[in-house]
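One structure below.
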Amino acid sequence: MKNSLEIKGLKASINGTEILHGLNLTIPKGEVHAIMGKNGSGKSTLAKVMAGHPDYEVTGGDVLLDGKTILGLDPDVRAREGLFLAFQYPSEIPGVTIANFMRAALNARRPEGQEVDAVEYYNELYKKMDLLKIDRSFTSRAVNDGFSGGEKKKNEILQMAMLEPKYAVLDETDSGLDIDALKIVSHGVNSLRGPKMGVLVITHYQRLLDYIVPDVVHVMVDGRIVKSGPKELALEMEKKGYDWVENLATV
Amino acid sequence: MSEVTTLEKPDLKIDQDEGNFSYPEDYAFDAGTGLTEKTIDYICDVKEDPDWVREFRKKALRIFREKPLPTHWASKDLENIHFDDFRYYLSKGAKPKRTWDEVPDDVKRTFERLGIPEKERAFLAGVEAQFDSEAAYSNIKKAVAEQGVIFVGSREGLKEHPEIFRKWFGKVIPTADNKFSALNSAVFSGGSFIYVPKGVKVKHPLQAYFRINAENFGQFERTLIIVDEGAELTYMEGCTAPKFDSVTLHSAVVELVAMKGAKLQYITVQNWSPNVFNLVTKRGLAHEESEIKWIDCNIGSRLTMKYPGVILKGRKARGEVLSIALANNGQHQDTGAKMIHAADETTSNIISKSISIGSGRATYRGLVHIPRHLKGCKNNTECDALLINTESRTDTYPAIVTRGEGNSVQHEASVSKVSAEQIFYMQQRGLSEGQAMSLSVNGFVNELVRQFPMEYSVELKRLIDLEMEGSVG
């Protein structure tokens, strides 16, 4: 299907242990979907498998980006096709500034010899930083090196803003954030959401969904989506607890 | 912004085959293979050496023969050097050129193939570049000559300026220092001789590009630089070599002298092809309140052994070695620094960064010597190693000998790895595996590279990109 990120019957394992047992999910462009699930339900595995992490083996199903499969492609090719993953634990890259890192990432999307113009690049960067309310000095720091949890997540959102992906997967973006950082990050995501991008928010807590209000909520149990519904489902989940859906899963 | 502009240069093209080429050479003079007294006589005759040089060379040959290879500490790979298989002198017989127009086309083509961008080619107008044994191109910048600076090849130096040349030649690094300094002393040709008169501050760095371009051809440059009282100079040396099947030997000797209050910075970026033995002796003599700084970047080669040093002879003299070594598959970078404190209140600083990739091996060997009777001496040593994939190996042998009170030494060492997670993270942003590794490596050396002149930080970044792209299988 054009204009959607489709996950069809996806099975994936790590070190021979199957984590995803045939997962189905469609995220149309322009919508924000949320996946809720307990620790160990396979949420982060889903994110990594979609992005092409080498530790995971896909044993069945498919992932289609605008109708084309991305399985089997290198992680960087998937990224250039328009898939972005905001990491739960972003890596540090000592000595490489955020500004240089993003410029390299943008250049990687362009034909050789047509690198981004420095002036245009900084104009664009500062525009996005203003939008996200990020201080100018931020991008001269080395990528995630010595960053607080909040700074790391802010950096992920800034990169998402600069790279303008078709589909963005936010893996536990709220973990390790205090309420102020949570507001900044949510503000960022809300400023960027729109008809050109599909978003999948992965979270353990309902709290994040107070700030990033999803169009659809999915509940994940043991490597499968067991229930989907409107945003109110998140509140219901919060009230009734995961046991409620776990019972659904076994039915 | 400024940092970005120094690191990026959009007009640079990276060519995967860069360095993997050579053009046919016709040599007017060829000493043949092997090394005997006859070889020395041949070299002396061709170069029209004065008698004292002939004697100097012959004495050096005797010392070379007597001296054993370094034994217990050095790589066994040295035993694979077959000294009889090398040519010790080759020359086109051409006189050093003065203008760019006079440079032979094939030499120009080689420079072009090296990817030296327009801006840097303009730089070459003030450059001495050695092409094989003799400088194929040499143009002393007018302004520099007007200041009374002598910037010539070593051959011209010893002939035209014996009063300065003989005073210091072989004094900082005696012939018998080691087997390879003796070898160089016997067969040296090429290299630079520079004298900067008292109080003259040379604004633009003097620069020499040179490369090996003949099979089985050992290159033995000999460089001597004297910076007189209160004068300042930056000298830059760069080498890239084409790839050959058989072994190539490179064994240079570089002697630096900084007189009272002088400042001298010597910068090297080397990118040898993976069959080169690069065995170089570099040392500086720092007089009172003077400063000698070595910036040394070693990429490529089969085995590099190089430990730039400073003898801190005068009170308050300062020595510094900033080095980067990149050991790719099958390569061994055995590098380091020597700081010999020989006066009160002398300070030295060593920062070494090494990168080992695949089966590449990086060794740091340091020697810091502060004797008991000195006061107020300081040394700071930092060694950081970056490992890329599990086969890589790194060793650190810091020998710091401090005696006496009131002297201080600091030593820090770190080993880090480019993790799979880090590469995955960068790939998720759209960078290829090679680009990701290249960026990690550039990040690792970034802080150090910032202290380099801009042209060299660009050159180094380009060389690292090239190495990293080639290392992704």
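Quick note: the coordinates plus some simple rules give every number you see, no bench work behind them. Computed from a predicted structure; not experimentally measured. Cβ atoms come from the backbone with ideal geometry, glycine included; neighbour counts cover every protein chain shown.
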What is the sum of charges around B:Arg315, taking Lys and Arg as +1, Asp and Glu as -1, for the other residues whose C-beta is under 15 Å from the C-beta of B:Arg315?
0
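Determine the alpha carbon to alpha carbon distance for each of A:Lys2/A:Lys166; A:Lys48/A:Lys127; B:Lys353/B:Lys417 and list only those over 21 Å. Could you put the intermediate results ahead of the total?
Details: A:Lys2/A:Lys166 12 Å; A:Lys48/A:Lys127 30 Å; B:Lys353/B:Lys417 13 Å.
Beyond 21 Å: A:Lys48/A:Lys127.
If you average 1/r across every pair of different Cα atoms in region B:335-455 and take the reciprocal, what Kirkwood value do you get, in Å?
Working: mean 1/r = 0.0617 Å⁻¹.
Averaging 1/r across every pair of different Cα atoms and inverting gives 16.2 Å.
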So how do B:Val227, B:Val53 line up by other beta-carbon neighbours within 10 Å, fewest first?
B:Val53, B:Val227
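What is the gain in length, in nm to one decimal, between B:Val401 and B:Glu469 on full extension, counting 0.36 nm per residue of separation less the C-alpha to C-alpha distance?
20.4 nm
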Nearest-0.05 FRET efficiency for A:Lys127 and A:Ile179, computed from C-beta distance (R0 22 Å)
0.25
With a 10 Å Cβ neighbour count serving as the proxy for reagent exposure, in which order, fewest first, do A:Asp222, B:Asp296 appear?
A:Asp222, B:Asp296
Pairs of Cα atoms under 8 Å, at least six residues apart: use those to get the relative contact order of chain A, whole percent.
29 percent
Structure shown: which of A:Lys154/B:Lys378; B:Lys67/B:Lys159; A:Lys43/A:Lys68; B:Lys171/B:Lys461 lie over 31 Å apart, alpha-carbon to alpha-carbon?
A:Lys154/B:Lys378; B:Lys171/B:Lys461
When the Kirkwood radius is taken over all Cα pairs of region A:141-233, what Stokes-Einstein diffusion coefficient follows at 37 °C and 0.692 mPa s, in µm²/s?
233 µm²/s
Once you've got the Cα coordinates, tell me which of A:Lys196/A:Lys231; B:Lys201/B:Lys263; B:Lys59/B:Lys338; B:Lys263/B:Lys313 are over 18 Å apart.
A:Lys196/A:Lys231; B:Lys59/B:Lys338
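Express in % the proportion of alpha carbon pairs of region A:108-176 at distances exceeding 13 Å. Numbers along the way, then the final one.
Values: 1649 of 2346 pairs.
Within region A:108-176, distances greater than 13 Å cover 70 percent of Cα pairs.
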Rounded to two decimals, what is the ratio between the C-alpha radius of gyration of region A:37-76 and 2.2 N^0.38 Å?
1.22
Within 12 Å, Cβ to Cβ, of B:Gln410, how many net charges do the neighbouring residues add up to if Lys/Arg are +1 and Asp/Glu are -1?
-1
Final fewest-first order of B:Glu469, A:Glu57 on the 10 Å Cβ neighbour count is A:Glu57, B:Glu469
Placing one equal point scatterer on each C-alpha of chain A and summing with Debye, one gets log10 I(q)/I(0) at q = 0.08, 0.09, 0.13, 0.16 Å⁻¹ equal to -0.30, -0.39, -0.82, -1.23
Taking the Cβ-Cβ separation of A:Val77 and B:Lys198 as r and a Förster radius of 45 Å, what is the calculated FRET efficiency to the nearest 0.05?
0.15
If amide H atoms are modeled at 1.01 Å from N in the peptide plane, then the residues at a separation of 5 or more from B:Lys417, or on another chain, having amide H under 5 Å from its own are B:Leu387
Could you list which residues have their amide H under 5 Å from that of B:Arg302, counting only those 5 or more apart in sequence or on another chain, with H placed in the peptide plane?
B:Asn275, B:Val276, B:Phe277, B:Asn278
If one compares the long axis through the Cα atoms of helix A:149-163 with the longest principal axis of the Cα atoms of chain A, the angle in degrees, nearest 10, works out at 80 degrees
Residues with amide H under 5 Å of B:Lys378's amide H, sequence separation 5 or more or different chain, H placed in the peptide plane at 1.01 Å from N; which?
B:Thr346, B:Thr347, B:Ser348, B:Ser408
In whole Hz, with x marking every Gly and Pro, tabulate ³J(HN,Hα) for region A:107-119 from phi via Karplus 6.51 cos²θ - 1.76 cosθ + 1.60, θ = phi - 60°.
4, 5, 8, 10, x, 4, x, 10, 5, 5, 6, 4, 5
Derived scalar couplings ³J(HN,Hα) [region A:234-242; Karplus, 6.51 cos²θ - 1.76 cosθ + 1.60; whole Hz; x for Gly, Pro]:
4, 5, 5, 4, 4, 6, 8, x, 6
